[in-house]
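What follows is a short report on a single structure.
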Amino acid sequence: MSAPETSDNSDTPVSLVPAEGWHVIHLYYNIDHSQWNLLSEEEQRSAKTDLAELVQEIRSQKDTHLLTYAVVTPKADIGFMLLTPDLGDALSFEKKLTLSLGADVLTPVYSYLSQTERSEYTTTAEQYGKDTLEGEKGLSPDSDEYKAGLEEFNTRMEHYLQHRLYPVLPAWPVVCFYPMSKRRSGEDNWYSLSFDARKDLMMGHARVGRTYSGKILQLITGSTGLDEHEWGVTLLAKDPIEIRKIVYEMRFDEVSARYGEFGDFYIGIQLPLNEMFEKVCL
Ligand code: 76R
């Protein structure tokens, strides 16, 4: 028999960078204090240094971000949010983080895998030209103002899309994460609505969202086919009440009221590592 002409056993490292966007993993751990207390003070100090060095190493990788937070309530003790392009890197950073304080000290209690994504429902340049420039402002498509308006729109959208796909998150202290899906039951099946109906509903949603500008930073990441729900919702705030207010207000919006299904909520406080260690009794 002759050897096959092509082989899958190539030595080139496999790149698992999506065509666009980054991978995102939310990681939640409990600390096993009985394991931790078996370590001498010296060993504990060096375990914390190992974790701090690993965090630095991960943050120094290209296009890679890592948020560290202490988690409120016994759902977990510490949490990480990792954003990185390559799935293989995401995998190995996660394994290293799990082991970083020594075997069996960190017990994974919850995790969520998703990817950054562009929005399916953002306004197109064509729509903006027609509805806003022509419709609302009464500009003629041949005018200089129209062209300038369209150019300004394109620059704004480019900037916005960059933020959706390649976000850099601020160090705002309150971090809320929960996964969600759109309902698919009986009369309330999101996936049997037309694109236009979904778009109209999402625009109502966005109107509410925009009133939180400066108070809430939201990152919606897609997880259909990757994890339990369809999206991960990450909300950052400076004042914890804004989290409750936005989630409450959105429940009245038709998209959430009729079609929203939610997983568990995790609230953390984003802190520099040394303060985080202190907060969680390490
Ligand atoms: O593209 C955009 O970001 C602008 C419009 C917009 C879309 C398409 C938008 C705006 N969101 C979009 C999509 Mn949102 N969002 C959530 C939640 O708790 C709940 O009830 C829902 C959880 C919050 C709090 C929130 C906040 N959004 C989505 C999607 C994908 C739906 C799909 O594709 O079918 C989900 C699951 C989702 C959920 N949203 C905003 C916000 C805020 C604060 C905004 C305004 C952002 C801004 O203009 O700065």
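Structure data summary
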quantity: Residue check, GLY209 within 12 Å of the ligand (Cβ to nearest atom) and assigned to a helix (DSSP H, G or I); calculated: yes
quantity: Residue in region 167-182 that is within 13 Å of the ligand (Cβ to nearest atom), surrounded by 13 or more Cβ atoms within 10 Å (Cβ to Cβ), of a type in the set (D, E, K, R) and part of a strand (DSSP E or B) present; calculated: yes
quantity: Residue check for ALA103: in a loop (DSSP other than H, G, I, E, B), out of contact with any His (no Cβ under 7 Å at 6 or more places or on another chain) and among the aliphatic types (A, V, I, L, M); calculated: yes
quantity: Per-region count, region 36-64, residues outside any helix (DSSP H, G or I) and surrounded by 15 or more Cβ atoms within 10 Å (Cβ to Cβ); calculated: 2
quantity: Check on ILE78, surrounded by 15 or more Cβ atoms within 10 Å (Cβ to Cβ), within 24 Å of THR221 (Cα to Cα) and free of Cβ contacts under 8 Å to residues at least 40 places away in the same chain; calculated: no
quantity: Filter result (within 14 Å of the chain's Cα centre (by Cα) and of a type in the set (Ser, Thr, Tyr)) within region 46-89; calculated: THR64, THR68, THR84
quantity: Checklist (1) free of Cβ contacts under 8 Å to residues at least 12 places away in the same chain; (2) closer than 20 Å to LEU169 by Cβ; (3) more than 7 Å from the ligand (Cβ to nearest atom); (4) not hydroxyl-bearing (Ser, Thr, Tyr) applied to LYS215, failing item; calculated: (1)
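None of the figures in this text is laboratory data; all of them are computed from the coordinates on show. As the structure is a computational prediction, the values presented were derived from the model and not from experiment. Using ideal geometry, Cβ is built from the backbone for each residue, glycine included, and neighbour counts are taken over all protein chains shown.
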